[in-house]
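Asker: Sharing a structure with you now.
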Amino acid sequence: MELLGYYNYWVFAVVLCLGLYTVITRNNLIKKLLGLSIFQSAVFLLYITMDKVDGGTAPIIQKGVSDPIFSNPLPQVLILTAIVVGVSTTALGLAIVVRIKESYGSIEEDDILARDSEL
Amino acid sequence: MTILFAVFLLSLLVIIAVAIIRAENLFVALMLTTIFSLLMATNFFILDAADVALTEAAIGAGITTVIFLGALALTSEHEKPFVAVPWLALPVVAVTAALLIFASFDNPRLGDPEAPIHQHVVPWYLEQTPKLVDIPNVVTAILGSFRAFDTLGEVFVIFAACIGVLFLLSARKPSETRCTAPASVGLSQHLIPKVAGRFILPFIILFGFYVQFHGDFGPGGGFQAGAIVATGLILFALLEGEERALRAFPRWIMMAMAAGGALLYALVGVAGIAMGGKFLDYSVLSSDPIAGQHLGILLIEAGVGITVCGSLLLIFHAFAARESF
Amino acid sequence: MNQVLDVLSWVLLSCGGFFILVGGIGALRMPSFYTRMHAASVTDTMASFLVIGGLILQAGWSLATVKLVAIILFLMLTSPTSSYAVANAALLSGMKPDTKFKANKGGRES
């Protein structure tokens, strides 16, 4: 039971590395971006894992509840904004991928490198 | 009981992540990513982060999927088959994972109330929020008031990313004359999605406004509300086709929203200076400091919502309009 | 009275769980795309209504009940629409429904 308290961290580590693996090994640029968003989600999971307090509730103050325990609101604030920023940056990446496709006719990294070395 | 549920959901998360990597069709990988996001939102909810769960469900599962679909339509759906065996990458990644798992034993256990993160500044936030800001949702209080300068930065990052997407996707090759695209009619040929979509649309927008203005009292706020309203308007564009959507909600309004929301946020900060306080200090906005805080948070949340909604719509339409030339 | 409601809600919840299981098995084991979809649609109609019905009984007369009813209404609208969209997309991409009845058992999709 004690070990289950670390399960979130293990999932974080495994998912993070799966994302990293995708980014390193796949040639397809969109697949790379998907891997990057998995990587990002793993980091979100790490932060949100840290905010949990035993017996706590979401940090919304209710009147009439004496001596409440709240989970930590600070990581939530950081991640809330990070998710929205994440989608904007992903969109920027996708826009670049679309332009690469239009110029090179491919979104596979090795094709693009081959086209580059031809020039 | 909850921990068993959490372990189940987290294990599913790993399985889905593996499935995403193995999927060769990018469309399938994208759908799996959506499931991944929804599972992640459920996990956030179990970990007491209701605000974050709402954001992840609206943005990770909703908007991200639509933007990826837009990009997939412009590129290709199939990944080239994967041949090379990653002799170098596999050990590197495995060692990284092993190190991270090894290091996890030095972390505080899940839910430990004695963890360092719960000792530093957070007790002060929890204690002072009822006195200084007096709104129930501490997340909104920190986001909008205590750390408003951070949030201002985030809003400008979104705005900048939106401008970047517009720069990249609005340019055309000079040689190509714009060919008249077949008029996109969206799903208007399909009766069932049309009827259901039209029926749901007002409720989505209404829910967006609820999330916007209820953000002080419950989970919600400008980021989530902007994304939900944007989802509703994207649904409209999908149902009625690009052209009609742009006629109903022209591009200049979206641009004005994206810029205006960020401007409103910054102006609230400047107003604080003008009225004798510090930048983004709302207490001086009204004679009663707490009323000033309420007014300030309302205004900046509105600014955030407007910018997020406008930027996401602009990004969507940038991808959608690219198809036609 | 409370006891009765509790038992009833657990019956509904268990039935919902059972239908989710059936839908999941069906989605894995059915032979062709359309039959698989048919099986999976059990989860988002019958099963989810049963589960939410059980939750309504647990919640009693409160704001949560109103929200749960709203969720049911939303599901009633969206899940047929999404089933339609998926089936329509499959048909458009050239997947023909298998009209011939196959007598041989255990044959997977050809």
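Asker: Kindly check whether there is at least one residue in the range C:60-77 that is open to solvent by less than 40 Å² (accessible area, probe 1.4 Å), small (G, A, S) and in a helix (DSSP H, G or I).
Answerer: No, that holds for no residue.
Asker: Sticking with this structure for a sec: Keeping to the range B:107-137, report how many residues are closer than 21 Å to A:L20 by Cβ and more than 7 Å from chain A (Cβ to nearest Cβ). Break it down stepwise before answering.
Answerer: Applying the first criterion (closer than 21 Å to A:L20 by Cβ) to the range B:107-137 yields B:107.
Checking which are more than 7 Å from chain A (Cβ to nearest Cβ) leaves us with none.
Looking only at that region, the number is 0.
Asker: In this structure, does B:I142 turn out to be within 19 Å of A:K52 (Cα to Cα), assigned to a helix (DSSP H, G or I) and within 7 Å of chain A (Cβ to nearest Cβ)?
Answerer: Numbers: within 19 Å of A:K52 (Cα to Cα): yes; assigned to a helix (DSSP H, G or I): yes; within 7 Å of chain A (Cβ to nearest Cβ): yes.
When the stated conditions are applied, B:I142 passes them.
Asker: Within the range B:259-279, can one find any residue that is assigned by TED's automatic domain parsing to the domain that holds B:F217, among the hydrophobic types (A, V, I, L, M, F, W, C), more than 22 Å from B:T140 (Cβ to Cβ) and touching a Ser or Thr at 6+ places or on another chain (Cβ under 9 Å)?
Answerer: yes
Asker: From the set of residues in the range B:38-75 that are polar (S, T, N, Q) and facing chain A (nearest Cβ under 7 Å), which is farthest from A:S106 (Cα to Cα)? Before the answer, list the steps.
Answerer: Going through the range B:38-75, the residues polar (S, T, N, Q) turn out to be B:42-43, B:55, B:64-65, B:75.
Subset that is facing chain A (nearest Cβ under 7 Å): B:43, B:55, B:64, B:75.
Working: B:N43: 37, B:T55: 33, B:T64: 22, B:T75: 8 Å.
So the residue we want is B:N43.
Asker: Also, I was wondering about something else. State whether the residues of the range A:55-74 include one that is within 7 Å of chain B (Cβ to nearest Cβ), farther than 30 Å from B:P130 by Cβ and hydrophobic (A, V, I, L, M, F, W, C).
Answerer: No, the range A:55-74 contains no residue that is within 7 Å of chain B (Cβ to nearest Cβ), farther than 30 Å from B:P130 by Cβ and hydrophobic (A, V, I, L, M, F, W, C).
Asker: Go through the range B:193-250 and give me each residue that's at the interface with another protein chain (Cβ under 9 Å from one of its Cβ atoms), in a helix (DSSP H, G or I), over 23 Å from B:V157 (Cβ atoms) and small (G, A, S).
Answerer: The first filter runs over the range B:193-250 and keeps only residues at the interface with another protein chain (Cβ under 9 Å from one of its Cβ atoms), leaving B:193, B:195-197, B:199-200, B:203, B:217-219, B:221, B:223-224, B:226-227.
So of that shortlist, the ones also in a helix (DSSP H, G or I) come out as B:193, B:195-197, B:199-200, B:203, B:223-224, B:226-227.
Next, only the ones that are over 23 Å from B:V157 (Cβ atoms) stay: B:193, B:195-197, B:199-200, B:203.
Listed by number, the residues that qualify are B:A196, B:G197.
Asker: Something else now. Based on what the data block shows, is B:E114 assigned to a loop (DSSP other than H, G, I, E, B) and either closer than 30 Å to B:F146 by Cα or open to solvent by 70 Å² or more (accessible area, probe 1.4 Å) (or both)? Before you say what the answer is, go through the steps one by one.
Answerer: Values: assigned to a loop (DSSP other than H, G, I, E, B): yes; either closer than 30 Å to B:F146 by Cα or open to solvent by 70 Å² or more (accessible area, probe 1.4 Å) (or both): yes.
Spelling it out, B:E114 is indeed assigned to a loop (DSSP other than H, G, I, E, B) and either closer than 30 Å to B:F146 by Cα or open to solvent by 70 Å² or more (accessible area, probe 1.4 Å) (or both).
Asker: Applying the selection to the range B:82-94, what residues are at the interface with another protein chain (Cβ under 9 Å from one of its Cβ atoms) and open to solvent by 40 Å² or more (accessible area, probe 1.4 Å)?
Answerer: Step one: filter the range B:82-94 for residues at the interface with another protein chain (Cβ under 9 Å from one of its Cβ atoms), giving B:82, B:84, B:86, B:88-90, B:92-94.
Within the range B:82-94, B:F82, B:A84, B:L88, B:L90, B:V92, B:A94 meet the criteria.
Asker: Based on what the data block shows, is B:I273 in a helix (DSSP H, G or I), open to solvent by 50 Å² or more (accessible area, probe 1.4 Å) and modelled with pLDDT under 90?
Answerer: Details: in a helix (DSSP H, G or I): yes; open to solvent by 50 Å² or more (accessible area, probe 1.4 Å): yes; modelled with pLDDT under 90: yes.
It is true that B:I273 is in a helix (DSSP H, G or I), open to solvent by 50 Å² or more (accessible area, probe 1.4 Å) and modelled with pLDDT under 90.
Asker: In contact with a Pro (Cβ under 7 Å, 6 or more places away or on another chain) and outside the structural domain of B:A57 (by TED's automatic domain parsing) - does that describe any residue in the range B:296-319? Steps first, please.
Answerer: First, the residues of the range B:296-319 that are in contact with a Pro (Cβ under 7 Å, 6 or more places away or on another chain): none.
Scanning the range B:296-319, I find no residue that is in contact with a Pro (Cβ under 7 Å, 6 or more places away or on another chain) and outside the structural domain of B:A57 (by TED's automatic domain parsing), so the answer is no.
Asker: Oh, and also: Out of (1) hydrophobic (A, V, I, L, M, F, W, C); (2) over 20 Å from B:G60 (Cα atoms); (3) touching a residue at least 40 places away in the same chain (Cβ under 8 Å), the odd one out for A:L94 is which?
Answerer: That leaves (2) as the condition not met.
So that you can scan it fast, the table gives a plain yes or no per residue for (1) open to solvent by 50 Å² or more (accessible area, probe 1.4 Å); (2) closer than 30 Å to B:Q128 by Cα:
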residue: B:L246; (1), (2): no, no
residue: B:W252; (1), (2): yes, no
residue: B:A259; (1), (2): no, no
residue: B:L264; (1), (2): yes, yes
residue: B:E301; (1), (2): no, yes
residue: B:F316; (1), (2): no, no
residue: B:A320; (1), (2): no, no
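Asker: Got a number for residues in the range B:291-325 being over 28 Å from B:L235 (Cβ atoms) and within 14 Å of chain A (Cβ to nearest Cβ)?
Answerer: Number of matching residues: 1.
Asker: Follow-up question, since we're still on this one. Could you say whether any residue in the range B:14-24 is closer than 30 Å to B:G305 by Cβ and more than 8 Å from every other protein chain (Cβ to nearest Cβ)? Even if it seems obvious, please write down each step before you answer.
Answerer: Within the range B:14-24, the subset closer than 30 Å to B:G305 by Cβ is none.
Within the range B:14-24, not a single residue is closer than 30 Å to B:G305 by Cβ and more than 8 Å from every other protein chain (Cβ to nearest Cβ).
Asker: Further, regarding this structure: Among B:G197, B:G208, which is closer than 25 Å to A:A58 by Cα and open to solvent by less than 50 Å² (accessible area, probe 1.4 Å)? Spell out how you get there, then give the answer.
Answerer: On the way: B:G197 fails: closer than 25 Å to A:A58 by Cα.
After applying the criteria, what remains is B:G208.
Asker: Kindly check whether there is at least one residue in the range A:103-110 that is facing chain B (nearest Cβ under 7 Å), open to solvent by 30 Å² or more (accessible area, probe 1.4 Å) and touching a helix residue (DSSP H, G or I) at 6+ places or on another chain (Cβ under 8 Å).
Answerer: no
Asker: Give the residues of the range A:47-69 that are open to solvent by less than 60 Å² (accessible area, probe 1.4 Å), under 22 Å from B:M40 (Cβ atoms) and free of Cβ contacts under 8 Å to residues at least 40 places away in the same chain, sorted by residue number.
Answerer: Those that are open to solvent by less than 60 Å² (accessible area, probe 1.4 Å), under 22 Å from B:M40 (Cβ atoms) and free of Cβ contacts under 8 Å to residues at least 40 places away in the same chain: A:I48, A:D51, A:K52, A:V53, A:G56, A:A58, A:P59, A:I60.
Asker: Within the set of pairs 6 or more residues apart or between chains, which connect a residue that is farther than 13 Å from A:F70 by Cβ inside the range B:121-135 to a residue that is open to solvent by 60 Å² or more (accessible area, probe 1.4 Å) and assigned to a loop (DSSP other than H, G, I, E, B) with Cβ atoms less than 8 Å apart?
Answerer: B:I135/B:F217
Asker: Got a sec? Which of A:V87, A:V43, A:V23 is part of a helix (DSSP H, G or I) and either of a type in the set (F, W, Y) or facing another protein chain (nearest Cβ under 7 Å) (or both)? Before the answer, list the steps.
Answerer: Details: A:V43 fails: either of a type in the set (F, W, Y) or facing another protein chain (nearest Cβ under 7 Å) (or both); A:V23 fails: either of a type in the set (F, W, Y) or facing another protein chain (nearest Cβ under 7 Å) (or both).
Exactly one of A:V87, A:V43, A:V23 is part of a helix (DSSP H, G or I) and either of a type in the set (F, W, Y) or facing another protein chain (nearest Cβ under 7 Å) (or both), namely A:V87.
Asker: Still on this structure, I have one more. Which number in (1) more than 7 Å from every other protein chain (Cβ to nearest Cβ); (2) in a helix (DSSP H, G or I) marks the one condition that A:V77 misses?
Answerer: If we test A:V77 against (1) more than 7 Å from every other protein chain (Cβ to nearest Cβ); (2) in a helix (DSSP H, G or I), just (1) comes out false.
Asker: Return the pair list, or none, for Cβ contacts closer than 8 Å from residues in the range B:83-99 that are of a type in the set (A, V, I, L, M, F, W, C) to residues that are open to solvent by 40 Å² or more (accessible area, probe 1.4 Å), at least 6 apart or on different chains.
Answerer: B:A89/A:I24; B:V92/A:I24; B:V93/A:L20; B:V93/A:I24; B:A97/A:V14
Asker: Now for a different question. Tell me which residues, restricted to the range C:1-59, are open to solvent by 50 Å² or more (accessible area, probe 1.4 Å), within 24 Å of C:N88 (Cβ to Cβ) and outside any helix (DSSP H, G or I).
Answerer: Matches in the range C:1-59: C:M30, C:P31.
The values are calculated or read from the model by the stated rules, or taken from the named source; none is laboratory data. Keep in mind the model is a prediction, meaning the values are calculated, not measured. Positions of Cβ are generated from backbone atoms using ideal geometry, with glycine treated the same way; all protein chains shown enter the neighbour counts. Areas reflect the complete protein model, heavy atoms only, side chains present, ligands, DNA and RNA absent. Shrake-Rupley method; radii C 1.70, N 1.55, O 1.52, S 1.80 Å.
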